[in-house]
């Protein structure tokens, strides 16, 4: 078994990695109005399976908000619990907002750039726009049994497909709809597990990714919604 505190699947699980990519306000002059620019703000997300049963809950608490010359940055702490109530993740993420847009760091280095991998939500997005995201991660760790566990991730084909007003438990927001492809592979010893999925998300400048849906072979596998916000 992998160490659950360092398990790459837990760090990059479908319900975690892409639903936890929460975005703040992309416009430099409005960065401070983002929920992620408010010290002490709490954002709760709930992940559901295809049968609408709860898989996990995740709570972000915003901390270390700092004004920069061009915008705002902060370090939200994420605590994720499985349906059994056990903590699956306790991790600090990096949020920045400036004139170019909002970036959410994922805590590991991109294989090509050798800097922290991050998703960018540009200041201006329009239907049909190619967001030109080519994110790659290759992470190796040693299991308690002494085996090498290697996790690879590739994100590509990220595009804006439209705009929609979306209502979830936490409220209603006008959103930009974005889709992309995600290929993941976990190899432990001689055993390899490939995962190929498509992601659809609804992004709001005020609160981030309001909803994210994961599809496998064209069928809905999981959904994550913002279910509560406390300012």
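Where a number appears in this text, it was derived from the coordinates with a stated rule and is not lab data. Quantities reported herein were computed from a predicted structural model and do not represent experimental measurements. Glycine gets a Cβ as well: all are built from the backbone with ideal geometry, and neighbour counts include every protein chain shown.
The simple spin-label model puts a point 7 Å past each Cα toward its Cβ; for residue 79 and residue 157 those points are separated by 3.9 nm.
Here Cα Rg over 2.2 N^0.38 Å was calculated from the structure, and among (1) 0.98; (2) 1.11; (3) 1.52 it sits at label (1).
Entry note, the chain: the mean residue ellipticity at 222 nm calculated from DSSP H runs of n ≥ 4, each adding -39500 (n - 2.57), is -500 deg cm²/dmol after division by the residues and rounding to the nearest 500. Between residue 196 and residue 61, the modelled labels are 4.2 nm apart [label points 7 Å from Cα along Cα→Cβ].
For residue 114 and residue 220, calculate 0.36 nm times their separation in residues minus their Cα-Cα distance, and state this gained length in nm to one decimal.
Details: separation 106, 0.36 × 106 = 38.16 nm, distance 3.35 nm.
Gain on stretching residue 114 to residue 220: 34.8 nm.
Of 30, 51, how do they rank once you tally other Cβ atoms within 10 Å and put the fewest first? Mind dumping the intermediate values first?
On the way: 30 17, 51 5.
Placing the least packed residue first, the sequence is 51, 30.
Remark: 38, 150 ranked as 150, 38, counting other beta-carbon atoms within 10 Å and listing the fewest first. A Förster radius of 35 Å combined with the Cβ-Cβ distance from residue 136 to residue 172 puts the calculated FRET efficiency at roughly 0.50.
Per-residue extension of 0.36 nm, minus the Cα-Cα distance of residue 150 and residue 129, leaves a gain of 4.2 nm for this segment.
Calculated on the alpha-carbon coordinates, the convex hull of region 119-231 measures out at 144 cubic angstrom per residue.
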